Amino acid sequence: MAGIFDRFANVKTQRAAIVSNGGPDPFNVRMDQVLSQTEAIIGNRRTILCGTNNSLGLTFAPEALKAAHDALDDFGTGTTGSRMLNGTYSGHKELEYALCDFFQKDHAIVFSTGFLANAGVLSTLMGPGDYIIMDADCHASIYDGVRQSQAEIIRFKHNDAADLDKRLARLADKPGNKLIVIEGIYSMLGDKAPLAEIVAIKKKYANTYLLSDEAHSMGVLGRYGRGLPEEVGCEEDVDFIVGTFSKSVGTVGGFVVSSYPDFEMLRYVCRAYIFTASLPPSVVASAKVNLGLVKNGGALRTRLMRNAKMLHKGLVDAGLKVASDISPVVAVVAPDPQTCVAFWQGLIEAGVYVNLAFPPATPHGYSLLRCSLCAAHTEEQIKQVIGIFTEVAGKLGLLEETKRVAVG
Amino acid sequence: MAASGDYSPETFAALLELLTPFNKTGVDLKPETRFSEDLNFDSLVVMEFVATVEDRFDISVPMNMLPDITTIAQLAVAVEKIVKG
């Protein structure tokens, strides 16, 4: 009998293969207690968290906890409505003003998640006869957003400014608006966009705009944490910045900022804004406080990068194949998905949590153990992580293989 | 619908040449050969192959067109349409 789930048979088979060795299930990780920004109890074991997006470690900032508690008491547990109708409280507006101040832009719109911010803006900003030219490695929320748009969608090769230039040149005599879509830092390998080159190319063409998703770079790059545009010094040339509160800001929610005078019109056309419940007051209150901590978080950024360098160097020195440059994401490549799962299981059983990532979510067909660092990781914790990685890789015979390849 | 109509033998021949390295199972390549069912292309292979077609013809194939292109013949028609602008 044909059932409605028959077309997922392939997924079911793949899913079963991943846990067929009887070890811990990578897609069923449960944190029973969160002890701190860097430790949790998983499966009755004290575990170092090396696979969260808590880059600055702000999830337990006392000031933000206090603001959230106060907002809960004053405004309740939820708004029960959308931003457009009954879901905009004073906190939502204050957060938008705080975002304008943070990014030094004239307008900010807060969405309920980063995914919805991308989906909402990218589905509406460009219309029929317009073009969206996006980096091929962009996030799923960008893909979903542009698919709902009426514009023509063209992808350029990941981080290949010359390819972008070529594609814009082909469109030069077409009348529509063109929107380039990139990310400041790409999530899987932690690599940065060649922003200075992209801005120079953008300026060559008429009616061409730039949107950058700073989800992973906000709080991490730039003196005041404004992401790659601040680091590169071209904030004026990035027309729209999308971001999230669920990474360095340590809460949840998404936003878009811009200085275009009519930017506010997006509130009336983005379905992801109009038809979604707004963020709870406690979330909004803690996000606003943490924005201030992100802005003044120079010391946290220094610690984060120190930790990133230490883990990167430790894993490379141990003989592991690391696909990322020095960044808060350290991506270790496993030779195949089965070995990757066994590697992941070895790590979790020894008390280290990292992310397991497979194609098509990864570039180059990589099977990855994706580590992400936190400013709150101690040197001792990173040493432990390196030690456990080395031990597990050794048992799987991966270190020898790497050395053999390096010598050969 | 992107793809119904004629295409030149040159376009078809060029596509066959580009397809050969992607034809892992050695399927006999005909105009009606389907990328997904006959050649087992997944989304990543599609992307890689489309990039080689774009380079060869110096065009951009919009993502919106891809769902309507299921066979080599349909791709040939689409490529010629884009080349003509």
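The values are calculated or read from the model by the stated rules, or taken from the named source; none is laboratory data. Model, not experiment: these values are computed from the prediction. Note: ideal-geometry Cβ built from the backbone for every residue, glycine included; neighbour counts use all protein chains shown. The accessibility values were calculated without ligands, DNA or RNA, using every heavy atom of the protein model including side chains. Shrake-Rupley method; radii C 1.70, N 1.55, O 1.52, S 1.80 Å.
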B:K84: which lysines have alpha carbons under 19 Å from its alpha carbon, excluding same-chain residues fewer than 8 sequence positions away?
A:K166, A:K174
Just subtract the alpha-carbon distance of A:L85 and A:F60 from 0.36 nm times their residue separation and send over the number in nm, one decimal.
5.8 nm
Sequence gap at least 6, Cα distance under 8 Å: using those rules, report the relative contact order of segment A:62-295 to the nearest whole percent.
32
List for segment A:140-187: residues with 40 Å² or greater reduction in accessible area, all protein chains versus chain alone, probe 1.4 Å?
A:I153, A:R155, A:K157, A:R167, A:R170
Quick one: length gained pulling A:I4 to A:A196 fully straight, 0.36 nm per residue minus the C-alpha distance?
64.2 nm
Whole-Hz Karplus ³J(HN,Hα) for segment A:109-116, in order, using 6.51 cos²θ - 1.76 cosθ + 1.60 and θ = phi - 60°, x for Gly and Pro?
10, 9, 10, 7, 8, x, 4, 5
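If eta is 1.306 mPa s and T is 10 °C, what Stokes-Einstein diffusion coefficient results for segment A:1-149, Kirkwood Rh from Cα pairs, in µm²/s?
In µm²/s, the coefficient rounds to 78.
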Top positive-direction residue, dipole computed over segment A:62-295 with Cβ charges, set A:G120, A:I153, A:Y209
A:I153
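What net charge do the residues around A:G57 carry, taking every other residue with its C-beta under 12 Å from that of A:G57, with Lys and Arg at +1 and Asp and Glu at -1? Working shown, then result.
Numbers: positive: A:K247, A:R301, A:R303; negative: A:E39.
Net charge around A:G57: +2.
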Can you give me the long-range amide H partners of A:S112? Hydrogens built in the peptide plane at 1.01 Å from N, cutoff under 5 Å, separation of 5 or more residues or another chain.
A:G254
What residue among A:L291, A:H69, A:A140 has its Cα farthest toward the positive end of the dipole of the protein assembly as shown, where the charges are +1 on Lys, Arg and -1 on Asp, Glu, each on the Cβ?
A:H69
For segment A:314-374, count all C-alpha to C-alpha pairs, find those more than 18 Å apart, and express that count as a whole percent of the total.
29
Directionally averaged projected area (convex hull, Cα atoms, segment A:150-194), nm²:
3.7
Cβ under 14 Å from A:P26's Cβ, A:P26 left aside: what net charge do those residues give with Lys, Arg +1 and Asp, Glu -1?
+1
Taking the Cα centre of each part, how many Å lie between segment A:115-139 and segment A:206-226?
16
Calculate, for A:M265 and B:K81, the FRET efficiency according to 1/(1 + (r/R0)^6) with r their C-beta to C-beta distance and R0 35 Å; round to the nearest 0.05.
0.50
Please list, or write none, the aspartates and glutamates whose alpha carbon is within less than 15 Å of the alpha carbon of A:K309, excluding same-chain residues fewer than 8 places away.
A:D191, A:D317, A:D325, A:E379, A:E380
So, with +1 on the Cβ of K and R and -1 on the Cβ of D and E, and no other charges, what is the size of the charge dipole of segment A:62-295 about its Cα centre, to the nearest 20 debye?
380
In Å², rounded to a whole number, the accessible area per residue of segment A:62-295 with probe 1.4 Å is 38
For segment A:62-295, inverting the pair-averaged 1/r of distinct alpha-carbon atoms gives a Kirkwood value in Å of 17.8
Which listed pairs, of A:K157/A:K313; A:K178/B:K81; A:K105/B:K81, have C-alpha distances above 31 Å, in listed order:
A:K105/B:K81
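Take every Cα-Cα pair in segment A:197-244 and report what % of them are more than 13 Å apart.
Percent of Cα pairs beyond 13 Å in segment A:197-244: 54.
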For every other residue with a beta carbon closer than 13 angstrom to the beta carbon of B:F35, add +1 if it is Lys or Arg and -1 if Asp or Glu, then tell me the sum.
-3
Of the heavy-atom accessible surface of segment B:1-63 (probe 1.4 angstrom), what whole percent is carbon and sulfur?
53
Show me you know the interface measure: the accessible area buried between A and B, both chains summed, probe 1.4 Å, in Å² to the nearest 100.
1300
So, in Å, what gap is there between the alpha-carbon centers of segment A:65-86 and segment A:349-374?
35
Lysines with Cα under 19 Å of A:K395, excluding same-chain neighbours fewer than 8 positions away:
A:K321, A:K383, A:K403
Calculate the length of the line joining the C-alpha centroid of segment B:1-56 to that of segment A:152-196, in whole Å.
25
Could you work out what % of the accessible surface of segment A:62-295 is carbon and sulfur, using a 1.4 angstrom probe and leaving DNA, RNA and ligands out of the count?
54
Can you give the three extents of the C-alpha atoms in chain A along their principal axes, from longest to shortest, in whole Å?
59, 58, 56
Among DSSP bridges having both ends in the protein assembly as shown, what percentage is antiparallel? Round to the nearest 5.
60
Per-q log10 I(q)/I(0), segment A:37-87, q = 0.16, 0.18, 0.21 Å⁻¹ (Debye; single scatterer per alpha-carbon; no solvent)
-0.73, -0.80, -0.86
With +1 on each Lys and Arg Cβ and -1 on each Asp and Glu Cβ, and nothing else charged, work out how big the dipole of the protein assembly as shown is about its Cα centre, in Debye to the nearest 20.
800
